[in-house]
Amino acid sequence: MDAFYSETLGQLLRDGWMRLDSSVLVVCGEMSDRDVFDGLGFRRVTISNLDARGAEDRFAPYAWSMQDVEALGFEDGAFDFVVVHQGLHHCRSPHRGLLEMYRVAKRGVLAFEPRDTALVRLGVRLGFGQEYEVAAVAANALQSGGVSNSATPNFVYRWTEREIEKTIHTFAPEGRARFRYFSALRVPKLRMQTMKNRWVAGSLRALLPMVRLFAAMFPGQSNCFAFAITKVDTLHPWMADATTVDAAWVRGRYEVGGVAS
């Protein structure tokens with residue numbers, strides 16, 4: 001079980017951001033998602049993925065739905081929260097996936113994804129990190145685990161905080177969403193176990209204590225983070241409602257021109 005995943009959800013429960021009876025959609029879901037939510041006592045969870053092999057039984061006691069995060073088949077605001085754990089970077093358009101999550105969520109979105117930092121980029125250039133996620137496809141017998149769960153290794157899309165905020169504010173300009181970030185160091189255990197280049201694998205293990213210390217001192221340079229997005233609940237002062245500008249507010253501050261012919 002991913003400790004960072006469970007601890008972050010636990011913190012959000014304690015803070016009152018989520019509740020155990022909140023309706024939750026998990027996208028790009030796996031058995032580890034079921035284990036984390038079940039371990040914490042969540043009751044109303046639907047787990048979804050593109051891979052439907054044996055899914056109906058595997059995710060009990062939770063519901064299952066075959067879904068593509070880039071084109072979710074649910075109405076706007078169908079679930080209180082939508083959660084993804086290390087799945088958006090497998091999308092052909094991670095931004096589209098994030099915005100579909102935001103659309104389907106009524107209250108908020110929680111995502112665990114790779115972070116784009118100077119240290120991470122250096123690690124990729126030195127061969128300690130992956131630019132394309134070949135290890136995941138190798139671990140799935142060269143059949144899946146890549147982009148859109150295909151056998152083609154996906155580009156590992158890494159996010160920054162500013163990019164997340166710009167993406168959401170562009171999609172929902174009627175108000176200002178709220179953002180909260182949690183940092184963690186994600187050790188590439190699978191890659192180290194399956195690498196045939198033992199020198200690189202050994203170097204990764206030898207450097208881990210130093211990397212852990214650096215990440216503890218500078219959490220903003222960690223290679224993984226979670227971001228909790230609270231959907232817009234207060235409109236900008238120039239908006240009368242979610243789709244209508246407040247004409248009086250605008251006229252009080254700007255000259256309003258005629259419609260161009």
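The values are calculated or read from the model by the stated rules, or taken from the named source; none is laboratory data. All values derive from a computational prediction rather than experimental measurement. Glycine also receives a Cβ, built like all others from the backbone with ideal geometry; neighbour counts cover every protein chain displayed. All accessible areas refer to the heavy atoms of the entire protein, side chains included, with ligands and DNA or RNA removed. Shrake-Rupley method; radii C 1.70, N 1.55, O 1.52, S 1.80 Å.
Table: residues versus (1) touching a helix residue (DSSP H, G or I) at 6+ places or on another chain (Cβ under 9 Å); (2) in contact (Cβ under 8 Å) with a residue 24 or more places away in the chain.
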position: Q221; (1), (2): yes, yes
position: A226; (1), (2): yes, yes
position: T230; (1), (2): no, yes
position: T234; (1), (2): no, yes
position: P237; (1), (2): yes, no
position: A242; (1), (2): no, yes
position: V245; (1), (2): no, no
position: A248; (1), (2): no, no
position: V256; (1), (2): yes, no
- prompt: Quick check: is even one residue across segment 91-113 of a type in the set (V, I, T), at pLDDT 95 or above and not in a helix (DSSP H, G or I)?
  reply: yes
Counting only residues in segment 114-127 that are in a loop (DSSP other than H, G, I, E, B) and under 21 Å from G146 (Cβ atoms), the one modelled with the lowest pLDDT is identified as G127
Per the filter on segment 100-109, residues under 10 Å from V69 (Cβ atoms) and open to solvent by 10 Å² or more (accessible area, probe 1.4 Å) are E100
With the first residue restricted to segment 2-27 and required to be within 20 Å of C224 (Cβ to Cβ), and the second required to be open to solvent by less than 10 Å² (accessible area, probe 1.4 Å) and in a loop (DSSP other than H, G, I, E, B), Cβ contacts under 7 Å at 6 or more apart or on different chains are L12/M18; V27/G87
For D57, the lone unmet condition from (1) of a type outside the set (S, T, Y); (2) touching a strand residue (DSSP E or B) at 6+ places or on another chain (Cβ under 9 Å); (3) modelled with pLDDT of 95 or more is (3)
Here the residues within segment 1-25 that are of a type in the set (A, V, I, L, M), crowded, with 18+ Cβ neighbours inside 10 Å and assigned to a helix (DSSP H, G or I) are L9, L12
By residue number, the members of segment 133-185 that are assigned to a helix (DSSP H, G or I) and at pLDDT 95 or above are E161, R162, E163, I164, E165, K166, T167, I168, H169, T170, F171
>> Condition check: charged (D, E, K, R) and farther than 23 Å from H90 by Cβ. Does D51 satisfy that?
In response: no
- Residue check, F182 touching a residue at least 24 places away in the same chain (Cβ under 8 Å), surrounded by fewer than 17 Cβ atoms within 10 Å (Cβ to Cβ), touching a helix residue (DSSP H, G or I) at 6+ places or on another chain (Cβ under 6 Å) and not charged (D, E, K, R): no
Return yes or no: is D80 open to solvent by 20 Å² or more (accessible area, probe 1.4 Å), at negative phi and at pLDDT 95 or above?
yes
Scanning segment 26-58 for residues that are open to solvent by 50 Å² or more (accessible area, probe 1.4 Å) and part of a loop (DSSP other than H, G, I, E, B), the one farthest from T8 (Cα to Cα) turns out to be R53
Does segment 58-66 include one or more residues that are within 18 Å of the chain's Cα centre (by Cα) and under 26 Å from R158 (Cα atoms)? no
### Message
Yes or no: segment 77-89 includes at least one residue that is part of a helix (DSSP H, G or I) and free of Cβ contacts under 8 Å to residues at least 60 places away in the same chain.
### Response
no
A careful count of residues in segment 59-76 that are open to solvent by less than 50 Å² (accessible area, probe 1.4 Å) and in a helix (DSSP H, G or I) gives 2
Of those in segment 110-131 that are of a type in the set (D, E, K, R) and free of Cβ contacts under 8 Å to residues at least 60 places away in the same chain, the residue least open to solvent (accessible area, probe 1.4 Å) is D116
Going through segment 215-240 in order, the residues found to be among the charged types (D, E, K, R) and at pLDDT below 95 are D233
